[in-house]
Structures are given as structure tokens and as C-alpha cells.
1. Residue separation times 0.36 nm, minus the C-alpha to C-alpha distance between A:Arg113 and A:Gln522: what's the value?
2. Which of rounded, prolate, oblate describes segment B:8-60, given a ≥ b ≥ c as roots of the alpha-carbon gyration tensor eigenvalues and a/c under 1.5 marking rounded, otherwise prolate only if a/b is larger than b/c?
3. Working from Cα positions, state the angle (0 to 90°, nearest 10) between the long axis of helix B:107-124 and the longest principal axis of chain B.
4. How much net charge surrounds A:Leu475 when only other residues with a Cβ under 12 Å from its Cβ are counted (Lys, Arg +1; Asp, Glu -1)?
5. Shape verdict for segment B:153-295, please, from the Cα gyration tensor: rounded (a/c under 1.5), prolate (a/b greater than b/c) or oblate.
6. Most exposed first by the Cβ proxy, i.e. fewest other Cβ within 10 Å, how do A:Met442, B:Met288, B:Met61 rank?
7. For the pair A:Glu25 and A:Ala320, what calculated FRET efficiency results from E = 1/(1 + (r/R0)^6), where r is the Cβ-Cβ distance and R0 = 45 Å, to the nearest 0.05?
8. Set Lys and Arg Cβ to +1 and Asp and Glu Cβ to -1, take the dipole of chain A about its Cα centre, and tell me which of A:Ser461, A:Asn277, A:Leu38 lies farthest positive.
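Read the figures in this text as sums done on the coordinates, not as results from a lab. A quick note: this is a predicted structure, and the numbers were derived from the prediction, not measured. Every residue, glycine as well, gets a Cβ built from its backbone with ideal geometry; the counts of neighbours run over all protein chains shown.
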Amino acid sequence: MNTLNKQGRPSRPAVAQAENEGQFETFSGSKALQQTELLLFDRGDNERTGVDLPETPDIADDLGDFARKDAIGLPGLTEPEAMRHYVRLSQKNYAIDLGVYPLGSCTMKHNPRLNEKMARLPGFGDLHPLQPESTVQGALALMDQLSHWLTTLTGMPAVALSPKAGAHGELCGMLAIRAKLDADGQTKRRRVLVPDSAHGTNPATAVQCGFTVDEIPSDDTGRVDLEALKGKLGDDVAGIMLTNPNTCGLFERDIRTIADLIHEAGGYFYCDGANFNAIVGRVRPGDLGVDAMHINLHKTFSTPHGGGGPGAGPTVFSDALAPYAPVPYVVKDGDKWKLVERNEDAEGAPFGRMSAFHGQMGMFVRALSYMMSHGADGLKQASEDAVLNANYLLALLDGPMTRAFDGYCMHEALFNDNFLKDTGVETLDFAKAMIDEGYHPMTMYFPLVVHGALLIEPTESESKTSLDRFADTLLALAEAAKAGETERFKQAPVHAPLRRLDETRAARQPVLRWKPAEAEAQAAQ
Amino acid sequence: MRYLPLSDAERGEMMKTIGVSSIDEIFSDVPESARLDGLIDLPRQKSEMEVERALRKLSNMSLSAGEAPFFCGAGAYRHHVPASVDHIIQRSEFLTAYTPYQPEISQGTLQTLFEFQTQVALLTGMEVANASMYDGSTSTAEAVLMAARVTRRNKCVFAPGLHPHYAEATQMLARTTDIDITEIPSAIDADAQVIDQIDDETACVVVQTPNVFGTLVDLELIAKAAHEKGALVIAVVTEVVSLGAVKSPGEMGADIVTAEGQSIGNPLTFGGPYVGLFACREKFVRQMPGRLAGETVDADGNRGFVLTLSTREQHIRRGRATSNICTNAGLCALAWTIHMTLLGEKGLRELATLNHRRARQLAERLGKLDGVEVVTPRFFNEFALRLAKPAAGVVETLAAQNVLAGVPFSRLDPNAGLHDILLVAVTETVTDDDFDALENALKGAL
Ligand SMILES: Cc1ncc(COP(=O)(O)O)c(C=O)c1O
């Protein structure tokens with residue numbers, strides 16, 4: 001039945017063929033609500049604009065040789081055209097507001113719209129970072145309140161708000177460790193222990209801070225191998241970067257012992273707090289021996305991911321490291337708030353400045369709005385629901401799918417690809433088939449310690465009904481894989497705006513921007 | 001709790017399925033000594049109304065830029081952002097999506113990133129641009145690391161007009177590497193001094209234009225000197241609207257351009273989130289930090305976009321990645337690209353000309369006042385004034401009269417001996433009444 005294209009490869013998967021029987025390709029290329037949309041550069045022209053400005057004064061420019069004479073080549077669109085361009089494009093995106101987005105480690109929880117509204121209040125959204133302190137007291141007070149919530153929830157004495165994402169927070173924490181070691185003359189300590197299950201940002205950060213990375217293996221329960229860790233301690237160890245709950249979705253049972261071992265060896269404990277959302281209100285990292293930890297406000301405290309940022313990565317510190325926290329930071333002085341912007345004005349010995357201004361204020365407002373809405377009670381309930389939801393899925397899926405480790409999980413459930421063994425279906429295919437079912441795939445092939453990993457994080461935002469339907473779909477897919485319906489997976493997705501994309505080609509012959517036709521023709525010659 | 005769908009009955013059923021009788025059992029891996037009893041000492045949950053009331057109260061404690069004659073710049077600018085920009089970025093499909101790791105259901109984000117990269121490359125006069133960095137300062141810091149990788153050299157020179165906070169953020173990232181940075185003391189119009197510092201070990205010079213004092217800097221001479229010694233020029237732009245009127249750094253010979261993109265599409269928001277632009281010559285692409293969207297085809301041969309060249313990145317390359325950056329400034333980049341699309345070349349050029357001429361008008365008026373001297377020789381929309389009194393005090397005095405007069409340079413660098421310098425920026429949002437207010441207030445204060 002399959003029509004073959006010139007390469008002899010089925011141009012359409014069998015299932016889609018059958019479904020499309022008797023249907024016509026559309027003339028426009030659009031399919032009802034799915035509109036095709038050209039590239040901006042294929043449709044705009046440089047004379048069109050969607051912005052009317054006040055009149056330009058009739059005086060001369062004074063730019064001399066600096067004047068930009070040649071055309072820049074930027075197309076414009078009027079407002080109705082622009083709306084349509086972006087709305088059509090938006091409809092090619094999956095989103096939390098559309099369906100289950102169970103990306104493990106990424107914490108795709110609901111983004112309350114109140115927070116968006118609050119971030120746009122003029123006393124936050126329309127403030128310049130370098131206005132006189134006397135005119136920004138409300139913003140400084142908000143930062144102070146956020147600091148109070150974060151230090152109280154983590155049980156840590158100090159926080160640096162300025163890091164701009166999780167990875168930037170890691171830098172902040174590791175640079176504080178480095179500054180402390182240098183201040184104590186411990187310049188030999190340059191080795192950082194990082195579990196093999198760690199997120200890629202951990203080793204990348206350690207190296208960026210001038211450390212070498214020594215990998216610690218995981219044991220067969222998915223946690224740090226304590227004996228291996230002991231074997232790696234020594235007087236050149238700067239510390240450990242450990243995620244807790246870890247990237248397998250498990251609480252590191254021996255975390256106190258690990259902290260003690262590291263401290264006894266003269267090192268510091270950096271905790272990757274990306275998974276703090278599992279334990280907020282139930283466990284304080286400060287009680288676990290942590291010296292520094294970043295908090296992804298865009299995970300735990302619901303600031304939207306926005307298709308890849310912006311994030312915010314405030315970093316909390318123990319007493320030992322607090323003096324080295326970077327500038328700027330807020331202090332309360334009587335009934336006024338002050339911004340300490342320079343090392344020489346600081347009480348401690350800040351290691352420096354992370355970025356031009358004071359951090360991701362827009363994210364601070366959203367996160368505080370989220371925390372105030374939940375309160376101590378709601379935050380604890382949210383963590384418990386996130387963990388309950390993950391364990392519920394683990395219980396429903398275990399068997400037909402193969403769990404990676406025994407025991408209860410925290411906020412995410414990890415599976416390996418054993419259940420796909422001999423089916424010809426791989427983790428990637430399974431994930432792509434989920435797209436056809438209307439779900440965003442889980443995180444795949446991470447953590448690296450589990451073969452063909454499938455990491456499912458439902459978050460507290462999913463209802464039981466939603467989880468039941470999601471589990472039913474995954475079980476049906478697992479059964480289809482075992483029943484030999486390989487094509488359903490290999491061809492997937494067939495219902496998405498595009499079929500599978502050729503990533504190899506993208507990397508081998510990179511096309512990273514649009515070019516005018518003449519330029520492209522020239523390049524080809 | 002309005003954000004939590006589970007009912008107690010459902011929680012009970014789910015626990016039964018799991019095989020536990022209480023949630024505490026599930027948390028049994030937590031060491032006993034670290035388990036918290038009861039609730040943490042923080043306020044309890046609140047309704048939308050209560051939260052809004054509390055936060056409005058804080059918001060009202062500040063004097064927002066829109067409430068006063070406003071002239072602050074120095075790396076963040078108050079431009080008008082069309083209402084449609086904020087509407088589009090709040091669409092669920094953009095706001096509540098993750099990084100586009102599944103291209104089949106992320107073409108919206110990926111195509112806009114591809115368009116963004118193209119616009120950034122065109123605007124800066126570079127061949128390629130990435131999908132954004134955190135902000136202009138971190139983008140600059142990453143560019144210095146990249147220049148060291150590309151040239152396999154370790155010396156870097158900062159021009160005297162580089163924003164002091166950019167210098168500090170770069171020093172912070174470079175401190176733990178073997179990169180050796182030479183800083184020339186801040187000066188209004190002396191950026192060509194970097195030329196004397198370039199030698200055979202120099203990886204890069206970092207030159208801002210317009211510089212932190214608003215001075216337009218001729219990169220051509222600097223680029224020539226740098227290239228003769230095999231060094232790269234990193235051009236820094238903190239006011240990207242300038243590129244609608246001023247020659248691009250690419251045209252003047254820059255090898256890497258880093259910029260703060262906030263001026264386009266993004267509100268001031270007290271310093272963040274902003275959007276870092278990062279553009280460079282194509283030959284350096286495999287050394288770039290950050291994400292890249294690239295064009296390809298799908299299984300049916302249709303054009304589509306994916307994240308590409310990810311073997312540079314931490315999730316693949318781990319300890320040997322070009323940068324540790326993961327989450328970038330996606331939504332701010334989207335706002336940037338929408339605003340740029342609305343402007344188009346025509347709108348951008350008009351906007352730039354308007355900014356430049358309005359700034360000229362104000363400079364001319366203020367220059368006539370006693371105790372005020374305009375010291376920036378040639379500027380785009382921001383200039384430095386030398387005042388007869390310390391600028392920080394004057395700014396405080398004017399703030400008390402609800403005039404936000406600009407940024408005293410001493411706020412950025414108190415050790416440069418430039419206490420009398422006030423940085424004044426003018427954008428399209430400033431009115432003639434605002435001019436009058438500033439002029440009168442300055443007269444009174446000096
Ligand atoms: C475990 C873990 N660590 C660190 C990060 C880095 O955080 P960000 O993307 O905010 O830089 C992430 C997020 O992707 C993560 O999942």
C-alpha cells in the first residue's frame with residue numbers, strides 16, 4: 001500500500017497512510033488550525049513598520065563618520081501582520097497550559113498568572129537599577145523579603161540573589177568555595193568530586209572555576225557509592241557537588257555522612273538545588289550540612305521557563321561561606337534598605353560581582369508572589385503532592401515499564417529501557433510516540449547512569465484524572481511496543497506540525513541564520 | 001489551595017495504590033534528624049487579593065521611572081515597548097514551554113530563535129549570533145573566555161570606556177582562569193589607549209561603543225592594531241538602539257560583538273531579566289557559548305529548525321563545554337525579536353534618529369547652564385556632564401524633587417576620581433516638560 005518516494009524510503013508511515021486514506025492534501029499547506037507560516041525574512045520588507053513614533057525634531061544629526069549608511073536588512077511587519085506571524089508560530093509549540101509536560105529535572109509546574117501581573121507593577125517593572133536608593137525602597141524591601149523566605153525555607157544564614165539561572169548559581173557557590181579556600185591558604189585544594197549522575201552544568205561549572213573534576217560512581221541503589229567516595233578524599237579535595245534529591249529522583253540517604261566526610265577532609269559541600277521542589281517545607285538543606293546551594297526559582301518557585309529562560313538562581317550559603325557571597329546585596333539599616341554594591345563597603349570579603357546589576361528582579365517578584373500565595377502550609381503540601389504524584393505514576397507504570405531503582409522516589413520517577421528490549425523500539429522512539437498521543441515526552445537519556453533513561457516529573461500541578469489518563473497512554477504504548485507495532489514508534493510523530501527533524505544535517509551543514517538569496521548563491525559557488 | 005488539584009480523598013486513594021498509609025512513609029529516606037515537625041515559621045497561604053494587596057504596597061513604596069522626568073541609562077534604557085509585545089510573550093505556548101528539546105512540537109520557539117539570531121547578526125554586522133545569554137555583562141565575560149580559546153592566548157585589555165560593572169563581571173569569571181586582564185583607568189574619550197597595550201600575547205581587547213560615557217568609539221583603528229598582532233576585538237554595546245543610526249561594530253572590524261538587548265522589547269525591571277546578545281564571525285562558531293538554533297528538514301523534507309552544534313554544550317560535553325550556561329534568556333529574546341520585527345529597519349532607524357536628536361537638544365540646553373559642561377565629544381543618546389558639585393549629591397537632591405536626573409559615574413566606580421560626572425540618557429519617552437523639569441532642577445541645585 002505504501003507509496004515509495006524516490007529514495008525508496010516510505011514517505012509516510014503505514015498508520016498515517018491508513019488514516020489519511022481518502023483524504024486530500026490541502027492546496028495551501030495549512031491544515032485547519034495548523035497554519036503554515038513563512039520566515040519573517042521571506043515575507044517582511046524593510047519599508048514596513050508596526051510602530052508609530054512622535055515626530056523627529058528637525059535638527060541635524062551629529063554622527064560624522066559613525067553614521068550607518070548601508071541598509072541593515074531588517075524586515076518589519078505592521079501590528080496585525082506581526083500578531084498573526086507570532087500567534088501562528090506559537091501554535092506550533094507544546095506548553096504546560098496545553099497538557100502534561102513531564103520533563104524530569106525541569107519541574108514544569110503551573111505558572112500562576114497572578115505572578116505575571118505582580119511583576120508588571122510599576123514599582124518593580126518600571127524601575128531603573130541605578131536609581132537613587134531613596135527611590136527604590138519598595139524593590140529593596142521585596143528583595144529582603146524574598147531573602148527571608150529563601151533562607152528560612154533552606155535553613156541557611158545567607159543568600160546571594162544575583163545569579164541569573166541555576167548554572168550561574170553554581171558558579172556563585174563554587175567561586176565562594178574557591179574564595180574561602182584561597183583565603184585560608186588552601187590553594188592545593190583544586191579537586192571537586194562530582195557523581196556520575198550529575199547534571200552537565202556541575203562539571204562544566206567546576207572546570208570554569210579552575211577545579212578538576214573527579215567522578216564518583218553511583219551504587220546500585222542510584223545513590224553516591226559511599227566507599228568510592230571515601231577512597232577519593234584527600235587534602236587536595238575542594239569539595240563535592242551533589243544534587244539532592246539526586247537526578248535519579250532519589251533522596252541521598254547518606255547525605256549527612258557525606259557532608260561529614262567532606263568537612264572532615266577539609267572540603268565544602270555544594271548542593272545542586274534544582275530538585276529542592278521535592279522537599280520544601282519538609283527538609284531544610286541547612287540541616288543536611290550543605291555549605292552552598294542554588295535554587296532555581298524557575299523550577300521550585302514556578303517562574304515561567306519561557307521557552308528557555310529567563311531563570312533565576314539565588315544561592316544560599318552556610319556561615320563558613322557567607323562572608324564571600326558576591327555583591328550586590330540588600331541590608332536593612334534602621335527603617336531603610338540599602339544596597340551594598342562594592343567590596344569595600346561590604347562586611348565580609350565578597351568574591352566579586354556576578355553581573356551588571358542586582359539579579360532577576362522580575363523573577364524575584366514572581367517567586368515571592370508564589371510563596372506568599374502558598375504560604376508555609378501550601379509549600380509543604382505542594383512538595384508532598386509532587387512526590388505523591390511521582391510515586392503514583394511509578395506504581396501505575398512499574399511492571400509494563402521497568403523502573404530503574406527500588407524504593408520510593410521523590411518528585412520524579414526514573415525508568416530504564418529494559419521494557420523495550422528486543423522490541424526494536426528505543427527510548428527516543430517511545431518519546432516521539434508520546435508526542436502523537438498529545439503528551440510532551442519525559443526527559444530522555446538523562447541521568448547518564450541509567451540505560452535509555454526515561455525520567456518522569458509530573459509535578460504537583462497534575463490532577464489524579466490527568467495522571468490516570470497519562471499512565472493509561474504510556475501503558476498502551478508499552479504494550480504496543482511489545483506487540484511489535486514498531487512502525488508506530490519509528491515513524492512517530494505523524495500528528496505533530498513536523499515529522500522527525502534531521503539533526504545530523506543541522507550539525508554537519510550548520511545554517512544558523514537566514515541569508516539573502518544572492519548571498520546564498522555566492523556562498524554555494 | 002487554588003494551585004493544587006488533588007483532594008484529600010484522591011490523596012488517600014493514591015497512597016493506597018502506592019501501598020503506603022501516610023506521606024511520611026514515602027519520605028522515609030530522609031535522615032530522621034533532618035525531618036521537620038510541623039510547619040516552617042512563615043506566613044500561611046493567602047488569596048490572590050491578599051497577595052496583590054501586599055505586593056502593591058511594596059510597589060508603591062518606590063518612585064517608578066514613568067512617574068518622574070527620567071534620564072537614567074548607563075547600561076539600561078527606558079524605551080517604549082509596544083503593547084502587542086507583552087501580549088504575545090504571555091501566550092501560554094511561549095510563556096509555559098521549556099527549552100525546545102523536542103523540535104517537532106517546539107517549532108514556534110525554534111523559528112523565532114532563528115529569526116532572532118538573524119536579526120542580531122544583521123544589526124551587529126556579524127555573520128552569526130547565538131540564541132541569547134543572561135545579559136550584556138555575562139555575555140561579555142563569556143566572549144573574553146572564548147577569545148582566549150580561539151587565540152590560545154591569555155592576555156586581555158579593557159578599554160577605559162568599558163562599563164565598570166561589565167569589567168567586574170568579566171574579572172569575576174576570568175579570575176579562576178589563567179587570563180590576565182589589563183584595565184586602563186576610566187576615561188571619557190581615551191579608548192584608543194588600548195592600542196598601546198596590545199602585544200603578541202594579547203588574546204583580545206574589549207571596547208564599548210557608545211562607551212559608558214556615551215562616547216562613540218572608532219573601532220577601526222583599534223581593530224587594525226589588534227589584527228596586526230593576531231588579537232581579537234570584542235565590541236560591547238549596551239544601547240542597541242544606537243545600531244539603528246551608528247555603524248555596526250562588524251563594519252568597523254570587530255570579531256565578537258556582545259550587547260545588552262534590554263532596550264528592545266524588555267522593561268527596566270530593576271536590572272533583570274535582560275537579554276544578552278552574542279554575535280561573532282562564522283569561523284568561531286564551534287567555540288561559541290550558549291544555544292544555537294539551526295535550519296534543517298524533517299522526514300518529509302519540510303523546512304524546520306532544531307537546536308544544533310550542541311556538542312559545545314554542557315549537557316553533552318560536560319567538563320569540556322565552551323560554557324556552563326544552560327537556561328538562557330528565551331522569553332526576553334522573544335520579546336526582543338517581536339519588538340524588532342514591529343520596528344523593522346524603517347522604525348528602528350526612525351527610533352534611533354529620534355533618540356539621537358532629542359539627546360542633542362537636551363545637551364545643548366544643559367550645556368548653557370552655569371556649572372554644567374557637556375564632556376562627551378560625540379554621542380548617540382547618552383552623554384556625560386561635568387557638574388560644579390559632586391554628581392551623587394545632585395542626583396539625590398533632584399530625586400527628592402521627583403526628578404531622576406541620571407546616573408552619577410561614582411555609583412559605578414567611586415575610585416576613578418570622576419565624582420563630578422553625571423551620565424544623562426535621553427530616549428523617545430522623554431518629553432519637553434521633562435527637559436524643563438531637569439533644567440530647572442539642575443539650576444536650583446548647582
Ligand atoms: C539538576 C540540574 N542542575 C542544574 C541545572 C541548571 O539550571 P539552569 O538551567 O537554570 O542553569 C538544571 C536545569 O536544567 C538541572 O536540572
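1. 142.3 nm
2. Verdict is oblate for segment B:8-60.
3. 10 degrees
4. With Lys, Arg at +1 and Asp, Glu at -1, the neighbours total -3.
5. Since a/c stays below 1.5, the shape of segment B:153-295 is classed as rounded.
6. Exposure proxy ranking, most exposed first: B:Met61, B:Met288, A:Met442.
7. Between A:Ala320 and A:Glu25 the formula returns 0.10.
8. Toward the positive end, the furthest listed residue is A:Leu38.
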